[in-house]
Amino acid sequence: MGASSSSLSELGHNDYLKRLSGTEPVNPMDPFWNQLLSFSFLIPVSSADARLLEESTSLIARNFAINNCHTGNLQALVHNFMIRATELKASAQCEDNIFIWQTYNSLFIIRCLCKYFVEHLSEELLIQQFDCRPPNADGTPADDTDNEIGAHIEKFITALVELLVDVPVLNFTYALHLESLNMLLVLLSIQMFQPQPATQFKLYNYLMHGKCAIHAPLLVKVLLWNYINQEKCPAELFKNNEEAGLLSSVTNAVASSLWSVMTLGMGSKAKKPEETDVTETLLANQSLLLLLVLTNHCTVDRGTPPNPYRDALFSFTDANDQAGVTQATATFKLDYSKVYETLSVTLRDDQTTLLLYLLIHQNQGVKSFILSRTNIDSLVVPLLRILYQAQERNSHHIYMALIILLVLSEDDIFNKAVHEVMLKNVTWFKERALTEITLGGLLILVVIRTIQFNMTRMRDKYLHTNCLAALANMSANFTNLHPFVAQKVISLFSQLCKRHARLVEQIRQCSSEPVEPDTEDDKETQQDHIQDLGVLEEVLRMVLEIVNSTLTHSLHHNPHLLYTLLYQRGLFTPFRTHPTFQDIIQNIDTVLSFFSARLEKNGNSSNMSPHQVLDIIKEGSLTFRRDRLKKFPELKFRYVEEESPEEFFIPYIWSLVYHSSNLYFNPSRILLFSLATTDSPTAT
């Protein structure tokens, strides 16, 4: 380390690091610090390299944790960072690259040490590491004016927040911002390694209710702006150390050193195009992850003040709003159109989908803005692609995309608008060439496909509920359904009917077997079948309600649905006397009888062309009296978040940090989540 380069495997033998972690205290003003902080080493470009870095320095980190109690070298290192941090605003303006480089390097070393602390120490011992004081020059214990436990780490965290808020993001400060975000993520990652809720961590309380809290609105604005801006890593940061040349080329040398460290943990495997984009926009990605962490912890404890970051995210208003409307809780303004545009072009990963969920569920201003867009397809189509690629996504991601559609479908303006937007050549939909289809038609196709996927793979009744709830909300506004869409709606019902018949037969066989003492397994199997039948009949009922709602409210707008129903009318025969379906089937039979009679009046329908049948259906739709149908309650479902959302969101968000942050965390020490999925939220 120091001014020369080192390989990752050699870091464990580096003299500067050995002295830092040794038994002798280093005075905060010792020239050693300038030498230590003028380091660079070859780029670690894969997760294997990141692991090698930790393995090669684990002994140093362990020794540091032991010896720091006597040397106070961490406080001396933090002191060097803090001195530079207080002057960063001025140095950024005058482009003092060496100064920023050393500030960055000091922060990187602190992060590496803290990462060991959060994975191996309790929070109390971690905080003590910051409180350990370096002795005076004569060896006597140093006086500490900040003798309150945790005062030093709180000052450090506050300095990080102020750096993010006050220092502009420029080419030569980009990496420093990135490292500040990484540092906060590492400190807060203690949640992954300790079992208690976030409200019991002092680290979280410093951010939520300490001195940092006054910066909450500005920090949320900065994090959102970093995400919206999607600024790419400066071009010079992609150069390696050989390309940087001699130290006389200060800017390139500094950039190379910064890039060497900040790419720590990036995988070396071939990346998909969207993954490459995330790599190039690391600042946006880390900002979004930190925003999700800050806004989803400490949300349920009624004994403490509200989460200020959550309040800021849910109450910011549109910078272009000229109406002059004031909101008592509004914290800052941001251009909604830029938020919408960025969401639309980046809506492919879990973290972006989760941000959209939070905004559309909790920020009424953003939700209203989104619903007013004439280009709503730019947001909805990426959501549909997420669902379409369900086999490549995790269940949480599928849920979040579905819940967003459910929340959107609560609005009738949205439900009408999606049938007015025409899409051309939807090439990613492979089941059939869709040269022209409405957005609403595509939405129905993809949601039905998701239901069918769930029936064969996931078998989750809550996913069925969310899918059908969204379709039910939209059903009264189904308009001019494409023939393929109409076929898929009835095909879903047909598929469910076959499953129903099989289940009924299985239950009948169990009941008619010879009278012998049933084993526990037999009883459990029969009980499972009965429960499955109950769930399936609920799903069948909802599908019939969706069809009935469409016929009741927009029969004259859906000749292709009527055509398909007439062609498949035999599907309804087994349910005409079934008490669960009888009332709805009567309505559908009333419609089908009316149009069957119209067809018979015009001759043998089997000899008619599809166009002739459609013409008769369209003519009949003009004279059909809807008052002949029994009235049912309007289908309206609303998404209601679970009572304890943190139980779902906190493990989910930290799994995103683990997989998407380009930071390496030791999976064997993580207690918060595993590869097994957690319960998913649902609609009620």
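The values are calculated or read from the model by the stated rules, or taken from the named source; none is laboratory data. Just so we're clear, the structure is a prediction, and the values are computed from it rather than from any experiment. All Cβ positions, even for glycine, are placed from backbone atoms using ideal geometry, and neighbour counts span all protein chains on display. Ligands, DNA and RNA are excluded from the accessible area calculation, which covers all protein heavy atoms including side chains. Shrake-Rupley method; radii C 1.70, N 1.55, O 1.52, S 1.80 Å.
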Discussion item. Here is the link list: Lys461/Lys636; Lys430/Lys461; Lys221/Lys461; Lys338/Lys424. Which ones come out longer than 29 Å on Cα distance?
Written reply: Lys221/Lys461
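Sort Thr86, Thr552 from largest to smallest accessible area, using a 1.4 Å probe on the heavy atoms of the protein chains. Intermediate results must be reported in sequence, preceding the final value.
Working: Thr86 115, Thr552 35 Å².
Result, largest first: Thr86, Thr552.
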Worksheet item: For Tyr174, what accessible area in Å² do you get when you roll a 1.4 Å probe over the heavy atoms of the protein chains, rounding to the nearest 10?
Response: 0 Å²
Item to complete: Enumerate the lysines that Lys202 could reach by cross-link, defined here as Cα to Cα under 21 Å, with residues fewer than 8 away along the same chain left out.
Response: Lys115, Lys155, Lys211
Fill in: Summed residue charge, Cβ within 14 Å of Ala401's Cβ, Lys/Arg positive, Asp/Glu negative
+1
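Quick check: net charge around Leu288, other residues with Cβ under 12 Å of its Cβ, Lys/Arg +1 and Asp/Glu -1? Present the calculation step by step, with values, prior to reporting the outcome.
Values: positive: none; negative: Asp349, Asp350.
The answer is -2.
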Worksheet entry | Cα gyration tensor shape of the stretch 164-215, rounded if a/c is under 1.5, else prolate or oblate by comparing a/b with b/c | oblate
Practice prompt. Sort the following peptides by mean Cβ neighbour count (other Cβ atoms within 10 Å, averaged over residues), highest first: 662-671, 117-126.
Written response: 117-126, 662-671
Fill in: Around Gly12: net Lys/Arg minus Asp/Glu count, Cβ-Cβ under 12 Å
-2
Worksheet entry | Met455 accessible area, 1.4 Å probe, all protein chains in place, Å² to nearest 10 | 10 Å²
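Which of rounded, prolate or oblate describes the stretch 339-418 when judged by the alpha-carbon gyration tensor and an a/c cut-off of 1.5? Before the final figure, lay out the partial values.
Numbers: a/c = 1.61, a/b = 1.49, b/c = 1.08.
Prolate, because a/c is 1.5 or more and a/b exceeds b/c.
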Fill in: Percent accessible area from carbon and sulfur atoms, the stretch 533-617, protein chains only, probe 1.4 Å
52 percent
